[in-house]
Amino acid sequence: MADDLGAYPKNDEGGFWHNDGVPRRMRLDELYMGGSIMAEYGTRFGRRNVVDEAVRQALLMQKKTRVPETGLWRHAYDPDRKEPWADPVTGLSPECWGTVHRLGDHDSGH
């Protein structure tokens, strides 16, 4: 895949598609599954362009899915706003991904 990054399907904003069944839609799944692998591969094999693309995808996903009021990232983004789950204004899904806190963190103020 590292050699095929330029050919990998992307939406108009440069975000990786979820899959061919839902073209142009971005989902956090790909970022969490693929982004870390891209970054690790690029680091281990001196492929700075792969690391840069992983970072670019993460920043784009943050820009498109993060809800400022909560800091949570929505699960998916549809730039066309055609999916039944897509908010007609933002294109965001209603589901959020957030931070999982360890037991006891609430007691220590973290």
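The values are calculated or read from the model by the stated rules, or taken from the named source; none is laboratory data. Keep in mind the model is a prediction, meaning the values are calculated, not measured. When we count neighbours, we look across all protein chains shown, and the Cβ atoms used for this are built from the backbone with ideal geometry, even at glycine.
Taking segment 35-55 on its own, how many of its residues are surrounded by 12 or more Cβ atoms within 10 Å (Cβ to Cβ) and without any contact (Cβ under 8 Å) to a residue 24 or more places away in the chain?
10
Residues that are modelled with pLDDT under 90 and farther than 15 Å from Ser93 by Cβ: does segment 22-31 have at least one?
Scanning segment 22-31 turns up at least one residue that is modelled with pLDDT under 90 and farther than 15 Å from Ser93 by Cβ.
Among the numbered criteria (1) in a helix (DSSP H, G or I); (2) over 13 Å from the mean Cα position of the chain (by Cα), which one does Gly21 miss?
(1)
Considering only residues of segment 56-110 that are part of a strand (DSSP E or B) and modelled with pLDDT under 85, which is surrounded by the most Cβ atoms within 10 Å (Cβ to Cβ)?
Going through the qualifying residues, I end up with Cys96.
Take the conditions at pLDDT 85 or above and either of a type in the set (Ser, Thr, Tyr) or under 12 Å from the mean Cα position of the chain (by Cα) (or both) and apply them to Ala39. Does it pass?
No; evaluated as a whole, the condition is false for this residue.
I'd like to know if segment 4-13 contains one or more residues that are part of a loop (DSSP other than H, G, I, E, B) and of a type in the set (Ser, Thr, Tyr).
Yes.
Counting only residues that are farther than 17 Å from Asp52 by Cβ and surrounded by 11 or more Cβ atoms within 10 Å (Cβ to Cβ), which one in segment 1-21 is modelled with the highest pLDDT?
My answer is Asn11.
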